[in-house]
Amino acid sequence: MSIHVTNLSKSYGHQLALKGISFKASPGRILGFLGPNGAGKSTTMKILSGSLSPSSGQSVVCGFDIQQDSLAARRHIGYLPENNPLNTDMYVREALDFMAGMHGIRHKNARIDEVIRLTGLNPEQHKKINQLSKGYRQRVGLAQAILHDPDVLILDEPTSGLDPNQLQDIRSLIKQFSLEKTVLLSTHIMQEVEAICDDVVIINQGEIIADFALSKLHTIYPEDNLEKLFIRLTANK
């Protein structure tokens, strides 16, 4: 398993954001991490990316414990946070060059050229990030996430706020990346999961309430489509 989460909990003061969740994500598959706003999705993503410490439990990425061996684990992780924090005063290529230096990437110009091609940034690569549309800013975020060729991509609401054309482009990119990587995709959009995901985990109020392969949906829940299941399960909490 590329991602293995066991009994993960996180509290903020007296508020328990994660209540001992456990799940796995496998190579070559996209796991849709589905839940309503405030369910614990972003907290989980931050813990798995190494940017937030859990209160208890274990998270292992590519065999490395995030808490015990954080640097080694993070070498295998590409992370796109929900708010996609970019230095908008930088040019696209300048931003990628800076990140390549941070990762210590050898032959970085060749790798930057490759990532620009993969993410479709060619026509915008000489612009400042603040001149880009939101769709192209998301491409820059994805380019930064894959620059060091990680085995695992953690993407938090990567298509939020995009128009239909931009949304389709980003979904296609994510699907392409999943051929060689494990992708954990956080979203609250059912159509997103149905369009590109292989597996589904539903979280609500800090607890996992469903975990299944999307192809088995109608076998396990014969009376539900994904949206109906989501509404039924989250309404009961």
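Using a Gaussian network model on the chain with a 10 Å cutoff between Cα atoms, which of Gly20, Gly141, Gly101 fluctuates the most? Comparing Gly20, Gly141, Gly101 in a Gaussian network model of the chain, the most mobile one is Gly101. Check the straight Cα-Cα distances from Lys46 and name the aspartates and glutamates below 15 Å, setting aside those fewer than 8 residues away within the same chain. List returned: Asp65, Glu82, Asp156, Glu157.
Residues in the range 198-208 carry Karplus couplings, in order, of 9, 10, 9, 10, 10, 10, 8, 6, x, 10, 6 Hz; the curve used is 6.51 cos²θ - 1.76 cosθ + 1.60 with θ = phi - 60°, and Gly or Pro positions show x.
Pairwise inverse Cα distances across the range 84-149, averaged and inverted, put the Kirkwood hydrodynamic radius at 11.4 Å. Using a Gaussian network model of the chain in which every pair of alpha carbons under 10 angstrom is joined by a spring, one finds that among Gln67, Gln191, Gln144 the greatest mean-square fluctuation is at Gln191. The stretch between Ile220 and Asn165 holds 16.5 nm of extra length on full extension. This uses 0.36 nm per residue minus the Cα-Cα distance. In this structure, the pairs whose alpha-carbon distance is over 23 Å, taken from Lys24/Lys181; Lys134/Lys181; Lys41/Lys181; Lys108/Lys128, are Lys134/Lys181. Comparing mean-square fluctuations of Glu82, Glu94, Glu227 from a GNM of the chain with C-alpha springs under 10 Å, the top value falls on Glu227.
Relative to the longest principal axis of the Cα atoms of the chain, the long axis of helix 226-235 makes an angle of roughly 60 degrees. Rounded to whole numbers, the Karplus 3J(HN,Hα) couplings from phi for the range 69-85 are 9, 4, 4, 5, 5, 5, 5, 9, 10, x, 10, 10, x, 4, 8, 6, x Hz, using 6.51 cos²θ - 1.76 cosθ + 1.60 with θ = phi - 60°, and x at Gly and Pro. Remark: the chain carries a charge dipole of roughly 300 debye about the Cα centre, counting +1 on each Lys and Arg Cβ and -1 on each Asp and Glu Cβ. Along the range 116-129 the Karplus relation, 6.51 cos²θ - 1.76 cosθ + 1.60 evaluated at θ = phi - 60°, assigns HN-Hα couplings of 4, 5, 4, 9, x, 8, 3, x, 10, 5, 9, 9, 6, 4 Hz to successive residues, with x for each Gly and Pro.
A crude spin-label estimate for the pair Ser53 and Ala213, with each label 7 Å from Cα along the Cβ direction, gives 3.9 nm. Look at the alpha carbon pairs under 8 Å that are at least 6 residues apart: their mean separation over the length of the range 84-149 gives a relative contact order of 47 percent. Size of the range 163-222: Rg and Dmax of its alpha carbons, in Å, are 12.8, 34.
Going out from 0 in 5 Å bins, what whole percent of all Cα-Cα distances in the range 109-237 drops into each bin? Bins of 5 Å from zero give 2, 9, 19, 20, 16, 14, 9, 6, 4, 2, 0 percent of pairs. Projection of the Cα convex hull of the chain, averaged over all directions and equal to a quarter of that hull's surface, yields 13.0 nm².
Amide H contacts of Ile208: Ser22, each under 5 Å away and 5 or more positions distant or on a separate chain (H built 1.01 Å from N in the peptide plane; Pro and chain starts excluded).
Quick note: the coordinates plus some simple rules give every number you see, no bench work behind them. Not measured: the values here are computed from a predicted model. Every residue, glycine among them, receives a Cβ derived from its backbone with ideal geometry; neighbour counts consider all protein chains shown.
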